[in-house]
Amino acid sequence: HCDVIMGVTKSDLFTAEQNQLALLAKAFAHPARIAILQYLAKTKSCVNGTLVQELGLAQATISQHLRELKDMGLIKGSIEGVSINYCLNVEKWELVQSLFNGLFDQLTDSCSSGDCC
């Protein structure tokens, strides 16, 4: 019945894992966020000002990307005086790796028999 379908949101059509993977993929969908994550992985932690110097982006732009990464749980931040130190959220990264590895394993398994186009 049309009434039932109209009441379902798009995200309700998919599993929790599919929705989570899509949200994570969206978090990775901007090169500035990738650069921030790579920089944090390399340095273990940093201060906002360091990112401005490293990436050459405006403070407001970096703050927006940091907020999105933090909202997704990919990074953590701690306030020290007037500075905010950010680092990777290791526990979340382990979950992210597991989710994406599961997806890639499914895709690899389905094409390994040579039946793909």
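The values are calculated or read from the model by the stated rules, or taken from the named source; none is laboratory data. Values in this document were obtained by computation on a predicted structure and should not be read as measured data. Using ideal geometry, Cβ is built from the backbone for each residue, glycine included, and neighbour counts are taken over all protein chains shown. All accessible areas refer to the heavy atoms of the entire protein, side chains included, with ligands and DNA or RNA removed. Shrake-Rupley method; radii C 1.70, N 1.55, O 1.52, S 1.80 Å.
The modelled label-to-label distance for the pair Ile84/Asp109, using points 7 Å beyond Cα in the direction of Cβ, is 4.0 nm. Ranked by the mean number of other Cβ atoms within 10 Å of their residues, highest first, the peptides 96-108, 18-30 fall in the order 18-30, 96-108. Annotation for Tyr39 and Glu17: the two label points, set 7 Å from Cα along the Cα-Cβ direction, are 3.5 nm apart.
Heavy-atom accessible surface of Lys92, to the nearest 10 Å², is about 40 Å², with a 1.4 Å probe and all protein chains retained.
In this structure, the amide hydrogen of Ile75, modeled 1.01 Å from its nitrogen in the peptide plane, lies closer than 5 angstrom to those of Lys70, Asn89, counting only residues at least 5 positions away or on a different chain.
No solvent, one uniform scatterer per C-alpha: report log10 I(q)/I(0) for region 40-110 via the Debye equation at q = 0.17 1/Å, two decimals. So the normalised log intensities work out to -0.69.
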